[in-house]
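What follows draws every value from the coordinates through simple rules; no lab data is involved. Since this is a predicted model, take the numbers as computed values, not measurements. Virtual Cβ from ideal backbone geometry, glycine too; neighbours counted across all protein chains shown.
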């Protein structure tokens, strides 16, 4: 067996060990509020939320990927509360949970007064129960509060003053409940048209004290979604917004909190180009691929495996750049040495 083949087997074995036996516990000093880990690259996926099929669905994605993601994203709203079983299931497999908090109720969609409700205290009980349950899980939770707040498609969108006050109110409740294991993720949509970071992102930022991770959501909708969309490269979608966030938030970990590419003859190449930029960018640590076919909702098929070539591109990157195994495989032809498995005795490496 080749050296690379042996290392692949070692990676698989280590992934299994970590997936079943290593839990990320909230042992970070309360006031740091920063995700554990250094400059390691990592990726996550989003999959359909139905609780009854979540476990089978995630295991299916792992099989399709050939490896485990480091993060799994899950959406919650006021009707759901803290998804204890989902977090526990992820944790048992060494996967960290990113919870995207929708500031509305499934039974009351499109309520444009939801921020007023939060500021009036009508969500306090929800946030308090959520915080207690999150603290009780003892897992580090990445909490994406009211994402894409700078977009007009959200009921909580385009209301910066109310949004920042609502964020701070919820954050204080979590602090009062000592939910120090919750990391707060500021997740804006990428800029578009003539929008600017000064007018369309910064006003929504609640302040460094209240934010642990800064992120961006962005998509290549392709040429067929609507007359307002056309095929865009990764650079077209993200460069301006990323550069701005690097400038304004240099001390914060920077993530791509949602990313996807529509189907088309150039999707595999788009994925390859994205990975080249992601690997080369020292500032962007994590991305979460929105892994869902949303044609049922009038959107593109975002899945990484919507065609064979795209699946191969994504799968190859994921296997060779998987932070759960704590190392990246060497380039074919390189000599395999112990240096390709740093952190085997380094607790921080496990807890990115």
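Sorted by packing (mean other beta-carbon atoms within 10 Å per residue), highest first, where do 271-282, 92-103 land?
Ranked by mean Cβ neighbours within 10 Å, highest first: 92-103, 271-282.
Here the spin labels are modelled as points 7 Å beyond Cα on the Cα-Cβ line, and at residue 161 and residue 233 they lie 4.2 nm apart. On the beta carbon distance between residue 308 and residue 75, with R0 = 35 Å, the FRET formula returns roughly 0.75.
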